[in-house]
């Protein structure tokens with residue numbers, strides 16, 4: 001964590017928490033609406049599962065963050081003058 | 001009466017006229033000529049135009065059908081918008097290079113046979129490199145590497161065309177079976193330009209080093225021309241499904257690590273082109289329509305994103321995410337316009353990316369390809385994460401670093417505004433684009449199912465971003481990519497190869513003694529010269545069609561070699577910096593002569609045959 005986040009006021013943190021709650025509520029609403037949305041082209045079994053997009057999207061996001069940064073720090077990222085040109 | 005004026009001809013004509021005009025007349029030419037080309041495309045009837053018989057071969061300059069016309073529309077539209085953004089640029093050479101480059105792309109798109117395609121393909125490569133070289137001192141190396149890779153791709157393509165012609169007895173450019181040496185070599189040549197790993201490294205290497213305005217054109221034409229030729233030549237070629245999926249994910253992963261703001265966007269070009277290549281590989285009408293629609297939408301929103309980050313670099317001179325922050329206060333309009341591009345590329349409903357990306361993914365699902373449908377959705381999440389959340393957070397929001405800046409000049413803002421307008425227009429009225437697609441469209445993007453799916457993916461990605469923000473701050477590093485092979489490994493190899501030669505060359509031995517850094521620099525430069533010679537040898541050996549190209553390449557050689565050889569005394573006497581200056585100076589001087597030569601040749605051939 002950067003120092004900027006550590007020194008953040010309690011007020012700011014409460015605001016952030018509030019925002020996250022709203023975000024979760026909106027996603028919850030989407031999932032509920034998803035139960036009733038008509039499926040025109042269910043090509044795969046998961047196309048009929050309400051909220052599948054939320055689950056898959058979140059897992060995707062986590063995979064991307066941790067896989068990319070992991071492989072980056074292990075192999076790919078070099079100091080900026082690596083090529084010396 | 002003339003029923004067909006080739007749009008490429010209009011661009012070449014504009015390029016030839018640029019040096020003679022100033023002020024408003026020049027502005028009218030730069031913006032107006034692509035607009036005239038756009039309008040003329042609306043009235044050209046379908047069919048083969050500009051058919052000539054050269055040495056027993058029938059060549060077709062203007063094949064107009066729905067597929068080529070829709071690419072023609074977006075290329076000419078982007079030409080106009082890009083020129084609005086570039087109006088403040090005073091160097092005529094940049095405008096000339098951009099116009100010839102766009103003309104080359106249009107020539108490739110309307111080419112009805114492989115020989116014409118190859119000629120315009122090379123026009124594109126040799127004109128676009130100047131948009132990189134004008135980028136300043138640092139762009140000399142990336143520009144040379146760009147040219148070498150494209151020369152390699154061009155040689156593959158030419159070899160493939162010759163073999164394919166020998167195998168089938170025809171140079172007509174229709175669906176090409178990915179079989180035999182001819183078919184595979186042509187495919188390889190196409191994939192180099194599409195930016196498919198491992199042959200993609202030229203793209204993130206060179207694009208971020210181009211000029212502020214040149215990069216807009218670069219990110220529009222080369223890869224999308226490749227998408228067009230793949231859709232024309234290799235629809236339904238199964239290997240392209242996986243090539244596309246790998247591209248889509250590869251670009252996203254590298255973009256996550258990238259600190260250079262334009263290089264991050266360059267990696268997303270690879271990712272987005274991956275969506276198109278997957279669609280082409282699936283090859284159903286829906287998937288092909290999706291690929292073409294995505295190319296159309298992508299050109300505009302990617303240009304908008306590049307314009308946004310270009311404006312940041314133009315106003316602040318800073319290219320790194322780690323050094324930027326808090327620009328929302330000083331560049332609010334740039335931020336707003338950039339976000340429209342960001343939301344478009346992420347597939348936010350009612351913007352252009354949504355109506356095209358969802359078409360590709362639906363195409364994959366309708367073909368019952370679960371891997372493609374799921375992995376492309378994963379890549380879409382990553383696009384939103386890095387282009388639309390991480391990048392603007394680092395540049396515009398985040399920690400305010402107190403950088404002095406303001407919104408860019410008016411013409412740049414208008415250029416961005418026009419691109420943003422088209423992004424919104426296509427999102428709200430998808431039929432505008434759908435009616436132009438190669439196959440009849442029976443696809444409805446705005447169903448409850450699609451909308452809820454899209455919003456869920458976007459919102460949970462936003463949650464992931466906010467929860468793991470601390471992991472996503474940009475880091476001041478560069479990432480090794482496959483260009484490591486020719487940037488680190490090859491110069492190392494060349495060092496050993498040159499060592500015996502160098503022993504007999506007194507003056508180079510002198511350079512060795514001067515220390516460690518200078519000799520390595522010097523030798524890698526000689527390495528490149530040798531590379532150029534090798535490629536040149538290949539090109540020369542490839543028959544009559546490369547004669548023109550090899551001549552140009554030869555001039556480059558003479559130029560680069562002369563620059564290097566002449567540079568040695570300068571290096572001994574002065575610093576490497578001085579040498580570089582002399583070199584780039586020569587390159588820039590040379591541009592006008594070469595560019596004028598290309599224009600004259602192009603015009604002459606059109607006039608002779610028309």
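The values are calculated or read from the model by the stated rules, or taken from the named source; none is laboratory data. Keep in mind that this is a model prediction, so the values were computed, not measured. Methodologically, a virtual Cβ is constructed for each residue, glycine included, from the backbone with ideal geometry; neighbour enumeration extends over all protein chains shown.
On inspection, residue B:143 fails the criterion of being surrounded by fewer than 24 Cβ atoms within 10 Å (Cβ to Cβ), on the phi < 0 side of the Ramachandran plot, part of a helix (DSSP H, G or I) and touching a helix residue (DSSP H, G or I) at 6+ places or on another chain (Cβ under 8 Å).
Within the stretch B:457-481, residues that are more than 7 Å from chain A (Cβ to nearest Cβ) sit with their Cβ atoms under 6 Å from residues that are surrounded by 20 or more Cβ atoms within 10 Å (Cβ to Cβ) and outside any helix (DSSP H, G or I), at 6+ positions apart or across chains, in these pairs: B:474/B:259; B:481/B:201. Would you pick out the residues in the stretch A:42-56 that are more than 7 Å from chain B (Cβ to nearest Cβ) and more than 16 Å from the chain's Cα centre (by Cα)? Of everything in the stretch A:42-56, those that are more than 7 Å from chain B (Cβ to nearest Cβ) and more than 16 Å from the chain's Cα centre (by Cα) turn out to be A:42, A:45, A:46, A:47, A:48, A:49, A:50.
Counted as qualifying within the stretch B:17-130 are the helices (runs of 4 or more DSSP H) with 1 or more residues that are touching a strand residue (DSSP E or B) at 6+ places or on another chain (Cβ under 7 Å) and crowded, with 17+ Cβ neighbours inside 10 Å, namely B:92-110. If you go through the stretch B:260-288 and keep only what is assigned to a helix (DSSP H, G or I), within 14 Å of chain A (Cβ to nearest Cβ) and over 27 Å from residue B:471 (Cβ atoms), you end up with B:282, B:286, B:287. For the stretch B:237-259, residues that are surrounded by fewer than 23 Cβ atoms within 10 Å (Cβ to Cβ) and not in a helix (DSSP H, G or I) total 3. Screening B:169, B:182, B:159 for residues that are over 16 Å from the mean Cα position of the chain (by Cα), more than 24 Å from residue B:272 (Cβ to Cβ) and without any contact (Cβ under 8 Å) to a residue 12 or more places away in the chain leaves exactly one candidate, B:169. Restricting B:448, B:373 to residues that are over 23 Å from the mean Cα position of the chain (by Cα), modelled with pLDDT of 95 or more and assigned by TED's automatic domain parsing to the domain that holds residue B:292 narrows the list to B:373.
Determine, yes or no, whether residue B:14 is modelled with pLDDT of 95 or more, out of contact with any helix residue (DSSP H, G or I) (no Cβ under 8 Å at 6 or more places or on another chain) and either not in a strand (DSSP E or B) or not assigned by TED's automatic domain parsing to the domain that holds residue B:112 (or both). In short, no.
Taken together, B:215, B:211 contain a single residue that is within 21 Å of the chain's Cα centre (by Cα), within 30 Å of residue B:31 (Cβ to Cβ), modelled with pLDDT of 95 or more and assigned to a helix (DSSP H, G or I), which is B:215.
In the set (1) in contact with a helix residue (DSSP H, G or I) (Cβ under 7 Å, 6 or more places away or on another chain); (2) more than 7 Å from chain B (Cβ to nearest Cβ), residue A:83 fails one condition alone, (2). Just a yes or no: is a residue in the stretch A:57-76 crowded, with 17+ Cβ neighbours inside 10 Å, within 7 Å of another protein chain (Cβ to nearest Cβ), over 17 Å from the mean Cα position of the chain (by Cα) and under 30 Å from residue B:255 (Cα atoms)? Yes: the stretch A:57-76 contains one or more residues that are crowded, with 17+ Cβ neighbours inside 10 Å, within 7 Å of another protein chain (Cβ to nearest Cβ), over 17 Å from the mean Cα position of the chain (by Cα) and under 30 Å from residue B:255 (Cα atoms). Restricting the stretch B:426-439 to residues that are in contact (Cβ under 8 Å) with a residue 24 or more places away in the chain and out of contact with any helix residue (DSSP H, G or I) (no Cβ under 6 Å at 6 or more places or on another chain) leaves a set whose member that is farthest from residue B:340 (Cα to Cα) is B:434.
Among the numbered conditions (1) at the interface with another protein chain (Cβ under 7 Å from one of its Cβ atoms); (2) more than 28 Å from residue B:257 (Cα to Cα), the only one that residue A:22 does not meet is (1).
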